[in-house]
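First up is the structure itself, then whatever we jot down about it.
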Amino acid sequence: MTTTPHTAALAEGATDGLERCPIMPTYGPPSVQFVRGSGAELFDAHGNRYLDFLSGLAVTSLGHSHPAIAEAVTEQLGRLQHVSNLYATEHNGAVATMIDTAIGDGSPAGGQVFFCNSGAESNEAAIKLARRFGGHGRHNVVCAFQSFHGRTLATLHATGQPAKWETFQPLPEGFRHAVWNDLADIERQLDETVAAVFLEPVQGEGGVNPATIEFFQGVRALCDERGILFMVDEVQTGLGRTGRWFGFQHFGVTPDVVTMAKALGNGMPIGACWARADVAASFQPGDHATTYGGQPLATSAARAVLETMRAIDAPTLAASAGQRLTDALMASPVVDEVRGLGLLLAVELRGADARLVSAELLRRGLVTNGVTPTALRLAPPLIITDEHIAEAVAMITEVTTELAEAS
Ligand SMILES: *Cc1c(COP(=O)(O)O)cnc(C)c1O
């Protein structure tokens, strides 16, 4: 374990003055440039090692540079790089079938898949599908406050964070918001213009807030009563991270539409929108499309990801490592609360600003995210070891203690 500050980590010219930086300032200035990764470790241009407890925001669930994925993509790259979706390619049927089986928790769920390139796009597909299913006049989608569904104009309006809307008004119509985990407030939003309710099983960007069982089961029952779709955004929670294949499986409900992306390609850009077959059948040829959706490089990666996750039983790994990480954190004197599911956790820190703690942890070689002013978000790869857990918890304790004493 290194505690040397990783200073001067940026490569020459990366951000040497705003005038010369070629990158738009949609993110704050980066303090580190990573050049290599392996498993749970990252390395900067100066050879400093970092332990990755963020996984590119729940993307590299199998760790960096996973050999099975590197091999699958490299082989595909040398054989066939791209054809139009007017034609079939080799992996997309297999990947869609594996997604359907994961949705069914090991047996076929009987749905169909639309492939795209990101989380926001998978949600756009779900929103369009809901409108197509609902028909004219029945187009509204009920989302939750504090949710996050993406940054395109429609998914930004689905995102229940009004502060993010203001600069970009007018936003596409058709979204309503209810208080998180408040079934009565969801019910108040429902009328004959509503096509779907759209929720995350654990609000990731909103601070790692898990749904309650009663909330998800109540929403399912309301949707059934009224013939409304229950759509679940599993972009961050999907594919093993919460300790189940999908977050909704913790709550004993089956949604009608499920979106996913992040972990599906382990870093190769790919998203997917799954829907019950009779709902999927509302889409007709020409209703929706994307050039790259389901193209061979992306699906070769997704196939290797899903095969590897099955072989190692990734959900069970996440559940047990998540429990060990939670226990270790709860034993730390600087931790007030740990919430989340599996390996998607928020840690409430005692006495120090989580964003300052996260910045200092990065300097010392641990990658985390300050998800609220008081909480760190941890999303390590699902293959994390007990040694890595002990190392990370020791660093979090050390840095939080130092910053709490200094404040
Ligand atoms: C990250 C995220 C998105 C957006 O995904 P992009 O690939 O960044 O477009 C949507 N929903 C949830 C829950 C997410 O965590």
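The values are calculated or read from the model by the stated rules, or taken from the named source; none is laboratory data. The model shown is predicted, which means the values in this text are computed figures rather than measured ones. No Cβ is skipped: glycine too gets one built from the backbone with ideal geometry, and neighbour counts run over all protein chains shown.
Assorted remarks:
- One residue from ASP191, ASP233 being within 12 Å of the ligand (Cβ to nearest atom) and either surrounded by 16 or more Cβ atoms within 10 Å (Cβ to Cβ) or at pLDDT 95 or above (or both): ASP233
- A single member of THR167, THR74, THR155 is within 12 Å of the ligand (Cβ to nearest atom) and not in a loop (DSSP other than H, G, I, E, B), and it is THR155.
- Residue in the range 360-369 that is at pLDDT 95 or above and in a loop (DSSP other than H, G, I, E, B) present: yes
- Any hit, the range 279-293, residues being under 21 Å from the mean Cα position of the chain (by Cα), within 16 Å of the ligand (Cβ to nearest atom), crowded, with 19+ Cβ neighbours inside 10 Å and part of a loop (DSSP other than H, G, I, E, B): yes
- Qualifying residues in the range 254-269 (those that are in a loop (DSSP other than H, G, I, E, B) and crowded, with 21+ Cβ neighbours inside 10 Å) - the one farthest from the ligand (Cβ to nearest atom): ASP256
- Every test in (1) in a helix (DSSP H, G or I); (2) surrounded by 24 or more Cβ atoms within 10 Å (Cβ to Cβ); (3) more than 15 Å from the ligand (Cβ to nearest atom) is passed by SER122 save one, and that test is (3).
- In the range 128-142, the count of residues that are within 13 Å of the ligand (Cβ to nearest atom) and in contact with a helix residue (DSSP H, G or I) (Cβ under 9 Å, 6 or more places away or on another chain) is zero.
- When we screen PHE175, PHE115 for residues that are within 22 Å of MET309 (Cβ to Cβ) and within 16 Å of the ligand (Cβ to nearest atom), the only hit is PHE115.
- Taken over the range 125-145, residues that are under 20 Å from the mean Cα position of the chain (by Cα) and surrounded by fewer than 17 Cβ atoms within 10 Å (Cβ to Cβ) amount to 1.
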